[in-house]
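The values are calculated or read from the model by the stated rules, or taken from the named source; none is laboratory data. As the structure is a computational prediction, the values presented were derived from the model and not from experiment. Counting neighbours? That spans all protein chains shown, and the Cβs are built from the backbone with ideal geometry, glycine included. Note: accessible area is taken over every heavy atom of the protein model, side chains too, but ligands, DNA and RNA are not part of it. Shrake-Rupley method; radii C 1.70, N 1.55, O 1.52, S 1.80 Å.
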Amino acid sequence: DVGRSSELAFVVEPSDDIAVQEQPLILYCQVEGIQPITITWRKNGVMIVDSENAFVLANGSLYVSRFQRVRGDGSSDEGEYDCMAQNHYGLVVSRKAKIQAATMSDFHIHPQNAVVEEGGVARFQCQIHGLPEPVILWHKNSMPVNTDNERYTLLPKGVLQITGLRAEDSGIFHCVATNIANVKFSREARLTVSGSHSTVYKDPMILVGPENLTLTVHQTAVLECIATGNPRPIVSWSRLDGRPIGVEGIQVLGTGNLMISDLTVQHSGIYVCAANKPGTRVRRTAQGSLVVQAPAEFVQHPQSISRPVGTTAIFTCVAQGEPPPQITWLRNGQILETSDHIKLKNNNSTLSIYGINQTDEAIYQCLAENSAGSTQASARLTVLWADGLPSPPQGVRAETVSATTIQVSWEKPLQNTKEIIGYVLHIRKAADPVEMEYQEAVSKSTFQQLVTDLEPSTSYSFYIKAYTSRGASKASEVTVVSTLGEVPAMPSLFIKVINSTAVQATWEPSIKLGQHEGFKLYYRKVHLSQYTGPVLLASNVTAYNITHLDASVVYEVKLLAYNQHGDGDSTVRFVSLRETVERTVLNPPCDCMKDEQNNKTSTTGIIIGIHIGVTCIIFCILFLMFGYRGRLLMCKNVQEQLSTPQIPRSQRNTAGLVLNGAARRDRDDRDLNGKQLDMNELERLFPASPSQEQQDKGMMSAHSPPAPHNDTQISTLPLDEFSIIEEQPDPLPNPLRSGSPPALAPDHSPANEG
């Protein structure tokens, strides 16, 4: 009996229908399940009693003999019908079927006379409301319009389009609307085709653009777009969001109407019709929205389950549709009411039943409904109850131990205790929903449990179940008790010395303190027993300055947080001001004005030093430049002397002396500032062999008179016998300036030879 055959399930459910006045109507309903099954019907939620006009057939269907839209007593057979089936396991309700009477109103739009030039576009329209939607056909001159003519386009909403007009298109037009309720004819309209085809240029113009449509999936949408212009414009379609329209089920009617067959939700969007002048970018646009609805359908059906007493049963029901469907739960055909142990979550998609008992055994239904339709699915909850299970534990008591601990104790059940394998303690904050409950397992020989890690000043509920291998007992009585209040924790305290007579106590606010009303601050000299304080501070204060202190002693500072449950533990710090005083003596305050003046003097000295250094660098550079230039001039003179033609060796000594004297006088005239020839530079430019030097020195010693020590002697010789002798300067007056002839000392050794 617990299998599938015991469940009630619909094989056929009633569906929406349109009934004809005075005609019979049958609403079908077929159910499977364990007999006996009773089937009843409701209309608009009210039970239908069998009568001559409406009664239930043997197969469960409802038969209405003569459907009446309005009866003599003012009632109507129109409405929402549902079928209910019941057996001893429960009751299920079918989806709602909407029944409407077939009707047809009068035409509220009739075709109008039109005069259009040849080659133009003519459009006629007629509209009428009816159930079911009337089929509209067009007649020309009392004959059906030839739909094989590709220039004639008939749209479903009662529109006739004629393109490329010709004279033969002139005539009288009217439309005929037909459905199961009636047949009606519109007024007539005359079409006159005038003149010949015009060649005058006309900008593209959209006569009629697409209208906003709301349809259901699998229906057909026709978006109208008719345009005129000369030359004839090209009509194109696009989506405003840029997505492609696609090709599946897409068709163009006439010269620009878009038809989409077998609609899906993805076809929803805004469609843009564009009329383009051929070969240019001149265009006109019009747009309309298409909304495609989808009736509710299940993605996940609820499943029938079996659960032992005291456990949790969960049913899941997921539905989709456009617009998104609303989900409603029924229990045995009645709206399910939530309670402490029955909860709905996830937008009613999940039904949870906590601590189930035998009264929860029923058939649960999920109804999903939106504006496009409704559907239902059912599942049965079977509550397992074995004979011989223990009775509920007795004498449950809860005692508060501390702010975070409660001790729960109980006594063993009165009946069927031999098979008990353990107990389960169910714990929950009294203010929390049932789904927030948690459990702790306890051995079968233990009849108390210390519950820890609770929140201070909070009420908790407890109950016990005894478990066997075949199931659990019913729950014991629920007991509720509150934890004690908790004093705040120790605050963090920091001491900062401000000056020799004041300190600042600071601390950090923290959630670890718990609930607190404020702080108490104490301080004292360490050699005294009496504290100064308490200084009461609000909970949002985080600092306090202690002043008028004695710098020669050590102080103790104590801070604690308090609330309505008492004072918390205190934090103690010691502070001495003596070091501050000593630092002040050793490092007296600076004379700011004096320091500022010293800073200014130091800055001036630095600037002067920089200027002196730069000046020295400039002079050094100039000295090097001019010295280098002088050396170049001296080298040039020597080269000029060397370029003089050589004389015979017999005359070399005399000529050399004369030339040497002249050269010295010329040099003295050019070098009146005392500059001397760079001997090393000349030696490098004109090297001479040692043997030749000795000969030259001997020759010059034999023929040259003595010379003062202040002058430098230079002998001009052939290049291969050239030598130079430099003497150290003498402090005596320079004889060259008095006209004495140059000479070399006979036995004087040169200071520098090259």
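Below, the figures for the structure above:
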quantity: Some residue of segment 276-285 being touching a Gly at 6+ places or on another chain (Cβ under 9 Å) and open to solvent by less than 40 Å² (accessible area, probe 1.4 Å); calculated: no
quantity: Residues located in segment 12-55, provided they are among the small types (Gly, Ala, Ser), within 17 Å of Gln68 (Cβ to Cβ) and open to solvent by less than 50 Å² (accessible area, probe 1.4 Å); calculated: Ala19, Ala54
quantity: Identity of the residue in segment 146-169, crowded, with 19+ Cβ neighbours inside 10 Å and assigned to a loop (DSSP other than H, G, I, E, B), that ends up farthest from the chain's Cα centre (by Cα); calculated: Leu165
quantity: Options Leu549, Leu513, Leu521; residue that is crowded, with 17+ Cβ neighbours inside 10 Å and modelled with pLDDT under 90; calculated: Leu513
quantity: Residues that are under 42 Å from the mean Cα position of the chain (by Cα) and more than 30 Å from Leu344 (Cα to Cα), drawn from segment 404-455; calculated: Thr404, Thr452
quantity: Those residues of segment 111-120 which are open to solvent by 30 Å² or more (accessible area, probe 1.4 Å) and not in a strand (DSSP E or B), in sequence order; calculated: Gln112, Asn113, Glu118, Gly119
quantity: Lone unmet requirement of (1) assigned to a loop (DSSP other than H, G, I, E, B); (2) surrounded by 15 or more Cβ atoms within 10 Å (Cβ to Cβ) for Phe315; calculated: (1)
quantity: Conditions (1) under 17 Å from Ala475 (Cα atoms); (2) open to solvent by 30 Å² or more (accessible area, probe 1.4 Å); (3) β-branched (Val, Ile, Thr); number of the one not met by Ile427; calculated: (2)
quantity: Residue in segment 254-262 that is open to solvent by less than 30 Å² (accessible area, probe 1.4 Å) and touching a helix residue (DSSP H, G or I) at 6+ places or on another chain (Cβ under 7 Å) present; calculated: yes
quantity: Filter result (assigned to a strand (DSSP E or B) and open to solvent by 100 Å² or more (accessible area, probe 1.4 Å)) within segment 334-352; calculated: Gln334, Ile335
quantity: Subset tally (residues that are polar (S, T, N, Q) and either open to solvent by 60 Å² or more (accessible area, probe 1.4 Å) or under 13 Å from Trp410 (Cβ atoms) (or both)) for segment 444-471; calculated: 7
quantity: Failed criterion for Glu117 (all others in (1) modelled with pLDDT under 90; (2) out of contact with any Leu (no Cβ under 7 Å at 6 or more places or on another chain); (3) outside the structural domain of Thr255 (by the TED database) hold); calculated: (3)
quantity: Residue in segment 133-144 that is open to solvent by 20 Å² or more (accessible area, probe 1.4 Å), within 30 Å of Glu80 (Cα to Cα), outside any strand (DSSP E or B) and in contact with a strand residue (DSSP E or B) (Cβ under 9 Å, 6 or more places away or on another chain) present; calculated: no
quantity: Selected residue (only one of Gly333, Gly269, Gly288, Gly279 is modelled with pLDDT of 95 or more and out of contact with any Ser or Thr (no Cβ under 9 Å at 6 or more places or on another chain)); calculated: Gly288
quantity: Among (1) touching a residue at least 24 places away in the same chain (Cβ under 8 Å); (2) in a loop (DSSP other than H, G, I, E, B); (3) closer than 30 Å to Thr216 by Cα; (4) not acidic (Asp, Glu) - the single one Pro392 does not satisfy; calculated: (3)
quantity: Subset of segment 430-443 that is in a strand (DSSP E or B) and open to solvent by 60 Å² or more (accessible area, probe 1.4 Å) - its residue that is farthest from Gln394 (Cα to Cα); calculated: Tyr438
quantity: Of residues in segment 552-572 being of a type in the set (Val, Ile, Thr) and over 20 Å from Ser500 (Cβ atoms), the one least open to solvent (accessible area, probe 1.4 Å); calculated: Thr571
quantity: Filtered residue count, segment 65-109, keeping only those that are more than 56 Å from the chain's Cα centre (by Cα) and farther than 16 Å from Gln21 by Cα; calculated: 2
quantity: Only one of Gln86, Gln68 that is more than 30 Å from Ala9 (Cα to Cα), assigned by the TED database to the domain that holds Pro36 and either in contact (Cβ under 8 Å) with a residue 24 or more places away in the chain or surrounded by 16 or more Cβ atoms within 10 Å (Cβ to Cβ) (or both); calculated: Gln68
quantity: Selection status of Val318, under 30 Å from Gly388 (Cα atoms) and in the same structural domain as Glu369 (by the TED database); calculated: no
quantity: Test for Glu419: is it acidic (Asp, Glu) and over 20 Å from Thr468 (Cβ atoms); calculated: no
